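Data first, discussion second: the structure below is written as structure tokens.
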Amino acid sequence: QLQLVESGGGLVQPGGSLRLSCAASGFTLDDYAIGWFRQAPGKEREGVSCISRSGGSTNYADSVKGRFTISRDNAKNTVDLQMNSLKPEDTAVYYCAAKAYCSGYKFPNFYKYWGQGTQVTVSS
């Protein structure tokens, strides 16, 4: 049916980088704004970034601003999250999700589609 799939997670040392990718099946990603969330054990799901349908506008949580960059390639039907200067507190399962607009991007309620998540572990 309509699914999102994340990839690119793994184990990285503090200060390292990872690039996560979100791909769609069953629909066209450029019909939606795409957000990235993360959830660590025992913590609520946290909205970290969002990109508009056209890619012209982006949003970042204060905790990742200056370190993470969201981008999209609508021709490839993908959205990426480049994560640099990673910290142990970035350790979480990362999810991409789709909704109409990035307004209220930190709140998961109105995201229509979710991926299964990809594990990011930052540890020495």
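Values as computed for the structure displayed
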{"read-out": "Candidate set: segment 103-124, residues that are within 21 Å of Gly16 (Cβ to Cβ) and not in a loop (DSSP other than H, G, I, E, B); chosen: the one most open to solvent (accessible area, probe 1.4 Å)", "value": "Gln119"}
{"read-out": "Considering residues of segment 10-20 that are within 13 Å of Asp80 (Cβ to Cβ) and buried (at least 17 other Cβ atoms within 10 Å of the Cβ) only, the residue farthest from the chain's Cα centre (by Cα)", "value": "Leu18"}
{"read-out": "Test for Thr78: is it modelled with pLDDT under 95 and surrounded by 13 or more Cβ atoms within 10 Å (Cβ to Cβ)", "value": "yes"}
{"read-out": "Given (1) loosely packed, with under 14 Cβ neighbours inside 10 Å; (2) over 18 Å from Gln3 (Cα atoms), index of the condition Ala100 fails", "value": "(2)"}
{"read-out": "Which listed residue, of Ser25, Ser85, Ser49, Ser54, is modelled with pLDDT of 95 or more and either touching a Pro at 6+ places or on another chain (Cβ under 6 Å) or surrounded by fewer than 21 Cβ atoms within 10 Å (Cβ to Cβ) (or both)", "value": "Ser85"}
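The values are calculated or read from the model by the stated rules, or taken from the named source; none is laboratory data. The structure presented is a predicted model; accordingly, all values stated were derived computationally and were not measured. Every residue, glycine among them, receives a Cβ derived from its backbone with ideal geometry; neighbour counts consider all protein chains shown. Surface accessibility is based on the protein's heavy atoms, side chains included, excluding ligands, DNA and RNA. Shrake-Rupley method; radii C 1.70, N 1.55, O 1.52, S 1.80 Å.
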